[in-house]
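First up is the structure itself, then whatever we jot down about it.
The values are calculated or read from the model by the stated rules, or taken from the named source; none is laboratory data. All values derive from a computational prediction rather than experimental measurement. Methodologically, a virtual Cβ is constructed for each residue, glycine included, from the backbone with ideal geometry; neighbour enumeration extends over all protein chains shown.
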């Protein structure tokens, strides 16, 4: 049994850094939760995109959150990850949240952050890992799908699961309609998972996330 260390919230709350590659829908859901007091003691320290034109960058700036485009194109993975790490350290980030971040991360980067890095995936892992999860679910004929928030390790979509929410697949669903309903579940799941992790009231036993007793 190993007790997982929670993010450092000893300074003035937990500073969250969000990594995105696109519109930043989950990033904005987290920001709204912070603003509405649903993540007490948390603040968004910075939003970082690996794509300059990502819509989430402008959305974050419009909400008054520091946002930086740190392009990965033309850089090696090691060089880009070093730049991301330097930026996260500059903004004194305690917890990293991947929110539609379309980059595979190295073992060195994931081990550095360990239980201080979360990701959300639009399926009930371990089913339908990787890209186009809703298309995979429809093609497979699944009747239920959902989303998973998990700690990040060097295996794609392979970290310990913190939280899952389900979503029924309807006979008339297309990839677009199903993705839209799952996204609504993602917005709730990510906020709840962050609250759980920031609380520190849990332990990881093998591959199981367990809420601490008492």
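Note on segment 60-89: among residues that are assigned to a helix (DSSP H, G or I) and in contact with a strand residue (DSSP E or B) (Cβ under 8 Å, 6 or more places away or on another chain), the one that is surrounded by the fewest Cβ atoms within 10 Å (Cβ to Cβ) is 61. What tally of residues in segment 165-198 results from selecting those that are part of a helix (DSSP H, G or I) and touching a strand residue (DSSP E or B) at 6+ places or on another chain (Cβ under 9 Å)? Looking only at that region, the number is 17.
Here is a check on your reading of the model: is residue 149 over 21 Å from residue 211 (Cα atoms) and under 15 Å from the mean Cα position of the chain (by Cα)? Criteria not met by residue 149.
Of everything listed in (1) under 18 Å from the mean Cα position of the chain (by Cα); (2) closer than 25 Å to residue 102 by Cα; (3) surrounded by fewer than 17 Cβ atoms within 10 Å (Cβ to Cβ), the single unmet condition for residue 175 is (1).
Return yes when residue 19 is outside any helix (DSSP H, G or I), under 24 Å from residue 195 (Cβ atoms) and touching a residue at least 40 places away in the same chain (Cβ under 8 Å) and no when it is not. Spelling it out, residue 19 is indeed outside any helix (DSSP H, G or I), under 24 Å from residue 195 (Cβ atoms) and touching a residue at least 40 places away in the same chain (Cβ under 8 Å). Scanning segment 76-100 for residues that are at positive phi and more than 15 Å from the chain's Cα centre (by Cα) yields a single hit, 92. Which of (1) within 27 Å of residue 110 (Cα to Cα); (2) modelled with pLDDT under 95 does residue 214 not meet, given it meets every other one? Only one criterion is unmet by residue 214, namely (1).
The single condition among (1) touching a residue at least 60 places away in the same chain (Cβ under 8 Å); (2) part of a loop (DSSP other than H, G, I, E, B) that residue 129 does not meet is (1). Of the residues making up segment 87-98, at least one is within 18 Å of residue 26 (Cβ to Cβ) and touching a helix residue (DSSP H, G or I) at 6+ places or on another chain (Cβ under 6 Å). Just one of (1) within 30 Å of residue 181 (Cα to Cα); (2) in contact with a helix residue (DSSP H, G or I) (Cβ under 9 Å, 6 or more places away or on another chain); (3) in a loop (DSSP other than H, G, I, E, B) fails for residue 30. It is (3).
Residue-by-condition table, conditions (1) touching a helix residue (DSSP H, G or I) at 6+ places or on another chain (Cβ under 6 Å); (2) touching a residue at least 40 places away in the same chain (Cβ under 8 Å):
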residue	(1), (2)
145	yes, no
155	no, no
165	yes, no
176	no, no
179	yes, yes
190	yes, yes
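For segment 101-115, the candidate set comprises residues that are surrounded by fewer than 16 Cβ atoms within 10 Å (Cβ to Cβ) and either assigned to a loop (DSSP other than H, G, I, E, B) or free of Cβ contacts under 8 Å to residues at least 12 places away in the same chain (or both); within that set, the residue that is farthest from the chain's Cα centre (by Cα) is 106. Against the list (1) over 30 Å from residue 172 (Cβ atoms); (2) part of a helix (DSSP H, G or I), the condition residue 137 fails is (1).
Would you check if there is a residue in segment 36-43 being surrounded by 14 or more Cβ atoms within 10 Å (Cβ to Cβ), assigned to a helix (DSSP H, G or I) and modelled with pLDDT of 95 or more? Within segment 36-43 (the criterion being surrounded by 14 or more Cβ atoms within 10 Å (Cβ to Cβ), assigned to a helix (DSSP H, G or I) and modelled with pLDDT of 95 or more), the answer is no, since none of the residues qualifies.
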